[in-house]
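The values are calculated or read from the model by the stated rules, or taken from the named source; none is laboratory data. Remember, it's a predicted structure, so these values are computed and weren't measured experimentally. In this analysis, Cβ positions are derived from the backbone assuming ideal geometry, glycine residues included, and neighbour counts consider all displayed protein chains.
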Amino acid sequence: MLYLLFFLPALLFAMWAQMRVRSTYAKFSKVPNAQGLTGMDVARMLTRNEGLDHVRIEEIPGNLTDHYDPRGKVMRLSQGSIRAPSVAALAIVAHELGHAVQDQQGYAWLRVRAGLVGVANIGSQFGLLLVIVGLIMSAMSPLGESLAWAGVILFSAAVAFTLVTLPVEFNASSRAREMLTRNGLVTSQDAQGVNQLLNAAALTYVAAAAQAISQLFYFLLLLTGRRS
């Protein structure tokens, strides 16, 4: 019951956020943008006009699988984004190029997030396992509690990653809006759809952070409760 009290609200919030971003994408992927530009058209125009010619553009399968890879300086766009002349394509392409601008300018939070990737992956995969094993072992050995605390520390890195992701994603969306407006690629009506999709996507990152924080608090409560 205590676990549900901590984790269920965040889980429901995450499910709602995912449903909202998918429904918003489904809506605006069917709405043509005013200029009839595909995602590839938008990508080529923005990379040329914003000094991002070094960014490669690749197509990947699926929908909402779009991402920017700072290691390879490549923007990977899903089939639904790269080929469709939709309002959703405007938002997604510009958002991913917002990350490319962050990378080019050495945006501090992006660099912090990149530095956390390795330890965050380890923390998310093994932190929970160490906590559970440590709690089980603590009934038999003092070493168990130490192991559980080590798991909490590792998991904290994953939590930190979700928190650092928030300013990175919000800033990329802000840059996306500015680029689209600066290059005359959106009408006022298109801009409303772009904003709705970017805002819906932002909620998924907030939900991920909320889930991670609630789980960390639960672990801390278990361990401090045992100690007291």
Could you please let me know if residue 70 is modelled with pLDDT under 95 and surrounded by fewer than 22 Cβ atoms within 10 Å (Cβ to Cβ)? yes
Given the criteria over 30 Å from residue 45 (Cα atoms), modelled with pLDDT of 95 or more and not polar (S, T, N, Q), does residue 163 qualify? yes
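Looking only at the range 157-172, decide whether some residue is within 21 Å of residue 102 (Cα to Cα) and free of Cβ contacts under 8 Å to residues at least 12 places away in the same chain.
Of all residues in the range 157-172, those within 21 Å of residue 102 (Cα to Cα) come to 160-172.
Retained after the next criterion (residues that are free of Cβ contacts under 8 Å to residues at least 12 places away in the same chain): none.
No: zero hits.
Do we have any residue at all in the range 7-25 that's in contact with a strand residue (DSSP E or B) (Cβ under 9 Å, 6 or more places away or on another chain) and not hydrophobic (A, V, I, L, M, F, W, C)?
Restricting attention to the range 7-25, the residues satisfying the condition of being in contact with a strand residue (DSSP E or B) (Cβ under 9 Å, 6 or more places away or on another chain) are none.
No, every residue in the range 7-25 fails to be in contact with a strand residue (DSSP E or B) (Cβ under 9 Å, 6 or more places away or on another chain) and not hydrophobic (A, V, I, L, M, F, W, C).
When you look at residue 151, is it more than 30 Å from residue 35 (Cβ to Cβ), in contact (Cβ under 8 Å) with a residue 24 or more places away in the chain and crowded, with 21+ Cβ neighbours inside 10 Å, yes or no?
On the way: more than 30 Å from residue 35 (Cβ to Cβ): yes; in contact (Cβ under 8 Å) with a residue 24 or more places away in the chain: yes; crowded, with 21+ Cβ neighbours inside 10 Å: yes.
Judged against the criteria, residue 151 is a match.
Answer yes or no: is there a residue in the range 180-197 that is over 21 Å from residue 30 (Cβ atoms), β-branched (Val, Ile, Thr) and surrounded by fewer than 16 Cβ atoms within 10 Å (Cβ to Cβ). Spell out the reasoning first.
Going residue by residue through the range 180-197, those that are over 21 Å from residue 30 (Cβ atoms) are 181-184.
Subset that is β-branched (Val, Ile, Thr): 181.
Next, only the ones that are surrounded by fewer than 16 Cβ atoms within 10 Å (Cβ to Cβ) stay: 181.
Checked the range 180-197: at least one residue is over 21 Å from residue 30 (Cβ atoms), β-branched (Val, Ile, Thr) and surrounded by fewer than 16 Cβ atoms within 10 Å (Cβ to Cβ).
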Show the residue pairs meeting these rules: Cβ distance below 7 Å; 6+ apart or different chains; first residue within the range 173-199 and under 13 Å from residue 88 (Cβ atoms); second residue of a type outside the set (S, T, N, Q) and surrounded by fewer than 21 Cβ atoms within 10 Å (Cβ to Cβ). 190/34; 193/31; 194/177
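Residue 211: in contact (Cβ under 8 Å) with a residue 60 or more places away in the chain, in a helix (DSSP H, G or I) and surrounded by fewer than 20 Cβ atoms within 10 Å (Cβ to Cβ), yes or no?
Details: in contact (Cβ under 8 Å) with a residue 60 or more places away in the chain: yes; in a helix (DSSP H, G or I): yes; surrounded by fewer than 20 Cβ atoms within 10 Å (Cβ to Cβ): yes.
For residue 211, the condition - in contact (Cβ under 8 Å) with a residue 60 or more places away in the chain, in a helix (DSSP H, G or I) and surrounded by fewer than 20 Cβ atoms within 10 Å (Cβ to Cβ) - is met.
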